[in-house]
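Have a look at the structure below, then the notes.
The values are calculated or read from the model by the stated rules, or taken from the named source; none is laboratory data. Values in this document were obtained by computation on a predicted structure and should not be read as measured data. For accessibility, only protein heavy atoms count, side chains too; no ligands or nucleic acids. Shrake-Rupley method; radii C 1.70, N 1.55, O 1.52, S 1.80 Å.
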Amino acid sequence: QVQLVESGGGLVQAGGSLRLSCAASGRTFSSYAMGWFRQAPGKEREFVAAISWTGVNTDYADSVKGRFTISRDNVKNTVYLQMNSLKPEDTAVYYCAAGRHAGLRYSWYDYDSWGQGTQVTVSS
């Protein structure tokens, strides 16, 4: 497994942007598919975005498509989530996750390692 540490969360006004980072330990980061999930108070953890281990394939939840971009740097062992045009409903704790699977996965149970989460709050 890899150890994951998220950063970059904070408070932003609606329409603003944030960039989340997730730094991974270990030399095998490039063999992991990565995902971002989020969980708002009183709600279940939901899929946000995923990227394959090569970085070639990505996919997004419909609610963030066109506003969020996932990317990775396998040299820096880091995955990013660029969030633009933020809305109050994007408020949640955001988690990055790593999984040893081919392709893209959309369910939290497909991922083996999780970060501690970073809070994103969007004010109206």
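For the reader, a short list of remarks on this structure follows.
- 3J(HN,Hα) along the stretch 58-71, derived from phi through the Karplus expression 6.51 cos²θ - 1.76 cosθ + 1.60 where θ = phi - 60°, amounts to 9, 7, 9, 5, 4, 5, 10, 4, x, 10, 10, 9, 9, 8 Hz, with x in place of Gly and Pro.
- The stretch 71-112 and the stretch 1-58 have Cα centres spaced 3 Å apart.
- Extension gain, GLN119-SER31: 0.36 nm per intervening residue step, less the Cα-Cα distance, totals 29.0 nm.
- Under a 5 Å amide H cut-off, with hydrogens placed 1.01 Å from N, LEU86 pairs with GLY15, GLY16 among residues at least 5 apart or on other chains.
- When only Cα pairs below 8 angstrom with a gap of at least 6 residues are kept, the chain shows a relative contact order of 36 percent.
- Rolling a 1.4 Å probe over the protein heavy atoms of the chain, with every protein chain left in place, gives an accessible area that is 48 percent carbon and sulfur.
- Relative to the current alpha-carbon distance between ASN84 and SER7, full extension at 0.36 nm per residue lengthens the span by 26.1 nm.
- Straight-distance crosslink candidates among lysines, where the alpha carbon sits under 17 Å from LYS76 and sequence neighbours closer than 8 are dropped: none
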